[in-house]
């Protein structure tokens, strides 16, 4: 009986790796949905940029100033800071800037509550497009222009290309690499295979009515983006991916913050599966693969854990008399490593040293601890603090 259970477990790991490999290869050689050329579009839609911010006094003013420097007509976009638990001094500074501030307060704060509170104050047709940006995000100066072009071509939902604006620590480098792997697999890879791109919580844009419907009924404490993505796909819309529409995002720089963030993400993934697993099975049975794959994606173990588990299983296989217990995890491990390698762009390989390689086992342990701490994320919103400034000028990163 134990033999069968272990074989099923190894098969699950192998299928997870195969899933990642297919999408990684598709992402590496496929195309995104960029069709932007400067001056191509003359109709500038009105864009509202929602910036949900919880206790982000340290970064919000600098981010707002950076994001006002768009190469998009100033009268055709508006930054909307959704200010939760800000200091009075910060609110005074924001009041001097040409933006809109919506103050919110909750007994238990979450991003989804903040966004829904703002959406309730925004009429359906006040804006043609709604963009969501994190408090620390700096949009490239052509970001809104690229978003507008995509919507003029018929898109109702798109995800931009979020990249790191800081790589000053080894943790930040590895976090940046993880982000880019996600971009290749779950965004560009998905689009190359004709599926909807995944969204990631910021650097994304929606038709206002579609967004409001998708945000109307959410179940999870965190990870609202997974539910919003699922609701949009279930409504029959695909989500595009704009590889050249850059948003510069602060990566976690410390191990403790990494563990805290992953705890929140794992809890969100668990809650998503809890509420949507049956629906995903139904979609799969009925042949609606676009929505079914969103649930299948959530069943795949986080890559850091997958690496650690496969390595452990391979070592155990060396002690087994049955070659299956060695060949299956070893093959899966090698395929996973290959998939991850091809999904990392060249500019980040230049940042990798032996120090980053030696940190991977440490982060594996941190990730394991995060799994055992997910109960914390069910009870309260685990905020990720932002403090850093870019270590590279914006608008200079181009993928290679």
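Readers should treat all values here as calculations from the given coordinates under stated rules, not as data from a laboratory. Source: prediction; values computed, not measured. As a convention, Cβ positions derive from the backbone with ideal geometry for all residues, glycine included, and neighbour counts pool all protein chains shown.
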Self-check item: Helix-only CD estimate at 222 nm, as mean residue ellipticity for the chain, using -39500 (n - 2.57) per DSSP H run (n ≥ 4)
Solution: -16000 deg cm²/dmol
Quiz item: Across 5 Å bins from the origin, how do the percents of Cα pairs in the stretch 313-372 run, short distances first?
Solution: 4, 14, 13, 19, 21, 17, 8, 3, 1
Quiz item: Among 253, 343, 58, which one moves the most in a GNM of the chain with springs linking Cα atoms closer than 10 Å?
Solution: 58
Quiz item: Nearest 0.05, what FRET efficiency do residue 349 and residue 323 give at R0 = 51 Å with Cβ-Cβ as r?
Solution: 0.90
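At 0.36 nm per residue, minus the direct Cα-Cα distance, what do residue 68 and residue 168 gain on full extension? Give it in nm, one decimal, please.
Computed gain between residue 68 and residue 168 is 33.4 nm.
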Quiz item: How many percent of DSSP beta bridges within the chain run antiparallel, rounded to 5?
Solution: 25 percent
Self-check item: For the chain, built as a Gaussian network whose Cα springs stay under 10 Å, the top-fluctuating residue of 316, 242, 348
Solution: 316
Quiz item: Got the relative contact order for the chain handy, in percent, Cα pairs under 8 Å and 6 or more residues apart?
Solution: 24 percent
Quiz prompt | residue 15 versus residue 105: modelled label distance in nm, points set 7 Å from Cα along the beta carbon direction | solution = 5.0 nm
Quiz item: For labels at residue 8 and residue 121 in the simple 7 Å Cα→Cβ model, what's the distance in nm?
Solution: 5.2 nm
Quiz item: With no solvent and one point on each alpha carbon, what is the Debye value of log10 I(q)/I(0) for the chain at q = 0.12 Å⁻¹?
Solution: -0.97
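Expressed in nm to one decimal, what extension gain is obtained for the pair residue 316 and residue 57 from 0.36 nm per residue of sequence separation less their Cα-Cα distance?
Length gained, residue 316 through residue 57: 88.3 nm.
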Self-check item: Estimated FRET transfer efficiency when R0 is 51 angstrom, pair residue 87-residue 284 (beta carbons, to 0.05)
Solution: 0.55
Quiz item: Tell me, in nm to one decimal, what length is gained between residue 78 and residue 213 on full extension, where the rule is 0.36 nm per residue of separation less the Cα-Cα distance?
Solution: 46.4 nm
Quiz item: Rg/Rh for the stretch 83-152: what does it come to with C-alpha atoms and Rh from Kirkwood?
Solution: 0.99
